[in-house]
1. Efficiency by 1/(1 + (r/R0)^6): what FRET value for Phe383 and Val351, r their Cβ-Cβ distance, R0 = 25 Å, to the nearest 0.05?
2. Starting from the eigenvalues of the Cα gyration tensor, five times each then square-rooted, give me the equivalent ellipsoid semi-axes of the chain, largest first, whole Å.
3. Restricting to Cα pairs below 8 Å that are 6+ residues apart, what does the relative contact order work out to for the chain? Please round to a whole percent.
4. Arranged by the count of other C-beta atoms within 10 angstrom, fewest first, what order do Glu21, Glu235 take?
5. Determine the gain in length on full extension of the stretch Lys68-Ala390; use 0.36 nm per residue of separation and subtract their C-alpha separation, reporting nm with one decimal.
6. Filter the cross-link list Lys188/Lys320; Lys126/Lys157; Lys233/Lys320; Lys22/Lys71 down to pairs whose alpha-carbon distance in this structure exceeds 30 Å.
7. Can you classify region 374-415 as rounded, prolate or oblate using the Cα gyration tensor, where a ≥ b ≥ c are the square roots of its eigenvalues, rounded means a/c under 1.5, and otherwise it's prolate if a/b beats b/c and oblate if not?
8. At a 10 Å Cβ-Cβ cut-off, how would you order Thr19, Thr392, fewest neighbours first?
Amino acid sequence: MKVLHTSDWHLGQLFYQHTREKEHQAFLTWLTNTLLAEHIDLLLVAGDIYHTATPPASAENQLYQFIKTTKQHCPDLHIVIIAGNHDSANRIMAAKPLLAQFDTHVVGRFDANHPENVVLSITTNKGPATVVAMPFLRTSDIQLITNTDNTSSYNVKIAEAYQRALDIATQQHQADSPLIVMGHLHAKGGDISTDSERNLVIGGEDAISANVFGKQADYVALGHLHKAQKVAKSEHIRYCGTPLPMSFSERNYQHQVLIAEFSQQVDGTLNCAVKPLYIPRPAPILMLPEGDCVPLAQLCEQLSALQLPTTELAPYLRVKLHASETDTTFREQIENALEAKAVRFCGIERVRQTNNESNNNAVFEDLSQVEMLNPHTLLAQAFAANKDMAGTVMPEQLTSLLNNVIAELEEQEQQ
Ligand SMILES: [Mn+2]
């Protein structure tokens, strides 16, 4: 049995105000072709299908069109989609009865009293598979878990949620067939030593131990972190990462999907071999200059002389300029140098002398990463960065006001 694992499509996302619809379409078309060429039996989409809880109609249309087209090409394919933190659980679930007609299983929310709802028994052409399709768990989803101490942390409740689903899955599961766990969360023990960007250690939000996925799982398909990586050095616990670059810091990184192939070994045990498949990038991501900042005049020369790669879609371009550059007409000069260049301009980054703040700056390098921060961390950092508040301690009241806002939003989301 062959499984393709992808996540974090963020359909409907704007990249520095530019629509990504054509990039998403290029990816989806590539994915359909890949599913066909690789003879995939099961497609797993591990959350953050959409970029927001209220995506544009074009993004929803894109998902449905993808499912329809793919099923025409690969009639035996099964698809499992879970909701991520960016998705609205309700919106995802609304199409459930219709999508079922296309062998597409969607799971928007975990109900602690009905953990069986996230356990799917799927029969592919190559045999059965059991999938624990655990969506992103909001605090409100797990507060019903009462057999743990009421003061139990978020982590303990998350572990209990997975345990309840795994108990059912192991009962239903047929020996010798794959048991797959899906999740959308920040798992501890990500392969960050080889990741030059430590900013994926997301401030504040507690990372969850990889133990929650159980020992029985043959493959764990995760979403939420934007770069592909193994978790806790396990070959079979993986993030596949986002298919499109989410920031300029990802310009030299190869985005991918993962293929997990299950095969029976001579001794009867199940083997799972995982390999990445790299996704072509239809719109290049360019940063100028690539290295250190250069004086404005030199930058403008470089821009005028810029030879653009011939690609399907116009490249994104962002320029870097040192903050000490005093010429106030820099914007105009840069825009003039870029005139008649077929690029999608993504602004000018003013670079300060590297200092001790560099760690924080890395987190804030672009908005896609800010979105991954825990709201409380974000508030604390914003407070600390506010000059008027220098030297003062953040008042308790601010924290409780934020809690109220979050609670209200979660309530709205429930409706
Ligand atoms: Mn996410």
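Values in this text are rule-based calculations from the coordinates and carry no lab data. All values reported here derive from a predicted model rather than from experimental measurement. Cβ coordinates were reconstructed from backbone atoms using ideal geometry, including for glycine residues, and neighbour counts include every protein chain displayed.
1. 0.55
2. Value: 38, 28, 19 Å, ordered largest first.
3. RCO, the chain: 14 percent.
4. Glu235, Glu21
5. Here the segment from Lys68 to Ala390 would lengthen by 110.4 nm.
6. Where the Cα-Cα span goes over 30 Å, the pairs concerned are Lys188/Lys320; Lys126/Lys157; Lys233/Lys320.
7. It is prolate, given that a/c is not under 1.5 and a/b is the larger ratio.
8. Thr392, Thr19
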